[in-house]
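Read-outs: derived from the displayed coordinates by stated rules, not from any lab. As the structure is a computational prediction, the values presented were derived from the model and not from experiment. Neighbour counts run over all protein chains shown; Cβ positions are idealised from the backbone, glycine included.
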Amino acid sequence: MEVRITNQLAIDDSEISLGYIQSSGPGGQNINKVATAVQLRFDVRRSPSLPDDVRLRLERLAGKRLSADGVLTIEAHRYRTQEHNRQDAIARLIAMIRKATEKPKTRRKTRPSEASIQKRLESKRRRGEVKRLRREIDG
């Protein structure tokens, strides 16, 4: 089975590793017995499903969640059940990869208009004049 990211991009289930750990927070008497928190691992650098540009943007987006060897780790412990946390972790991975598929807009150089330059210089002159008039007059 595969996890669909966009119409053109999908990753195989075998690329995602899920581990279950004990969660902190609410859970009552179950808290010490059941491992409800989910730790999702996805090897960004070795994934055959990701194009190179998406891989680079995903590495930048992941930040501290990316280990030195390129493994993205997402921990989900928002819910009390393992299944809900598993779905949450996968949804967060999908959202992060979708964000990485968006190409950043290229920046076009712009120059300030002549009128805006004149307006800025005039306001600086006015401000300087106000400050000059506030100075003490030697006498």
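Quick grid of which residues meet (1) surrounded by 13 or more Cβ atoms within 10 Å (Cβ to Cβ); (2) in a helix (DSSP H, G or I):
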{"position": "R46", "(1), (2)": "no, no"}
{"position": "R57", "(1), (2)": "yes, yes"}
{"position": "G63", "(1), (2)": "no, yes"}
{"position": "E83", "(1), (2)": "no, yes"}
{"position": "Q87", "(1), (2)": "yes, yes"}
{"position": "I90", "(1), (2)": "yes, yes"}
{"position": "M96", "(1), (2)": "yes, yes"}
{"position": "R108", "(1), (2)": "no, no"}
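For the condition of a type outside the set (S, T, N, Q) and in contact with a Phe, Trp or Tyr (Cβ under 6 Å, 6 or more places away or on another chain), what is the one hit in I16, I21, I117, I97?
Values: I21 fails: in contact with a Phe, Trp or Tyr (Cβ under 6 Å, 6 or more places away or on another chain); I117 fails: in contact with a Phe, Trp or Tyr (Cβ under 6 Å, 6 or more places away or on another chain); I97 fails: in contact with a Phe, Trp or Tyr (Cβ under 6 Å, 6 or more places away or on another chain).
Unique residue meeting the criteria: I16.
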| said: If I filter the stretch 81-102 for residues that are among the charged types (D, E, K, R) and in contact with a Ser or Thr (Cβ under 6 Å, 6 or more places away or on another chain), do I get at least one hit? | reply: no
| query | Which residues, counting only those in the stretch 90-116, are acidic (D, E) and over 28 Å from the mean Cα position of the chain (by Cα)? | reply | E114
| If a residue has to be among the polar types (S, T, N, Q) and under 23 Å from Q8 (Cβ atoms) to count, how many in the stretch 73-102 make the cut? | 1
